[in-house]
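Each reported figure results from applying straightforward, stated rules to the coordinates on display, with no laboratory input. Since the model is a prediction, treat every value here as computed from it, not as a measurement. We place every Cβ from the backbone using ideal geometry, glycine too, and count neighbours over all the protein chains shown.
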Number of protein chains: 2
Amino acid sequence: MKNRKAHLEARARVLKAMAHPTRLFIIEELDKQERCVCDLTSMIGVDVSTVSKHLSVLKQAGLVQDDKRGNQVFYSLRAPCILNFFGFVEGVLENGTKEHAAYL
Amino acid sequence: MKNRKAHLEARARVLKAMAHPTRLFIIEELDKQERCVCDLTSMIGVDVSTVSKHLSVLKQAGLVQDDKRGNQVFYSLRAPCILNFFGFVEGVLENGTKEHAAYL
DNA sequence: TTTCTATTTGGCTAAAATGCCAAATAGCCA
DNA sequence: TGGCTATTTGGCATTTTAGCCAAATAGAAA
């Protein structure tokens, strides 16, 4: 059993890992299919090292897993249903309060 | 219709607003009942100005709303169901993949 | 082995986030 | 008005992020 503070910190860590446009993009793509770093890099258009670091953040948060095959590393979502989750975020943005209920 | 990049950025903004232990605490408390800044401050134990700034972050993200009454400002959740949402985060932390399905 | 491709890590700079204190605002009550 | 209480804002120091380049690693193929 964790205390409340630890819980909050743990939750915040996961949310923080998701809270970046590039990492959200990666999550969306991995929801469709696993991808190697170079695939993601060419889709995103930033330096490979940057993508690698984003993947490392996601992995450390427990959101993705990696599988080395040959000289490539394939990443995939550990929780494929992560995306259902975003409908909510959308609701907040588009604003009314009623919409949210539909998502949850 | 927004393009994909704008969507990702918008989602990231909301997630980022939630990605802090103190702000998650505030969200949990506001889910129970509205609170004025001084209530939250005494519960949290950091400087009032810090709490005020956290609330401002949450408000700008569209997560909370404020209501000034007398010389106090009461904050409340705009989307009271936000918390259902956390079961998922918990699942990621505790790790298996199957658990997640239950939350979503 | 040498070379080439894929990925990660280290180093660095610039930008953003935290949190404190002090000062400014706003509303209440004597 | 004057003094309180509640809240926000500005300024500042410290820490964390993000992203690039260069160097290190790992595996594949010549």
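Backbone amide hydrogens, once placed in the peptide plane, bring residue A:36 within less than 5 Å of A:75, excluding anything fewer than 5 places away on its chain. Exposure proxy shown here: for B:27, B:44, the number of other Cβ atoms within 10 Å sets the order, fewest to most, as B:44, B:27. Shielding by partners for peptide B:3-9, expressed as the average number of C-beta atoms from other protein chains within 10 Å of each residue's C-beta, is 4. For the set A:32/A:68; A:16/B:53; A:5/B:5; A:5/B:59, the pairs lying more than 28 angstrom apart at their alpha carbons are A:5/B:5. Across the stretch B:44-52, computed HN-Hα scalar couplings (Karplus, 6.51 cos²θ - 1.76 cosθ + 1.60, θ = phi - 60°) run 8, x, 10, 4, 4, 5, 5, 4, 4 Hz from first to last residue, x flagging Gly and Pro. Residue by residue along A:70-79, Cβ atoms of other protein chains within 10 Å of the local Cβ number 2 on average.
Distances between every pair of Cα atoms in the stretch A:4-78, grouped in 10 Å steps from 0 to the bin holding the largest one, split as 20, 53, 20, 7, 0 percent. Under the simplified labelling scheme, the residue A:73-residue B:68 pair shows an inter-label distance of 5.2 nm, with each label point 7 Å from Cα along Cα→Cβ. Modelling each spin label as a point 7 Å along the Cα-to-Cβ direction, I'd like the residue A:43/residue B:5 distance in nm, to one decimal. It works out to 1.7 nm between the two label points. By the count of neighbouring beta-carbon atoms within 10 Å, fewest first, B:76, A:42 end up ordered A:42, B:76. Take each residue in B:20-32, count the other chain C-beta atoms within 10 Å of its C-beta, and the mean is 3.
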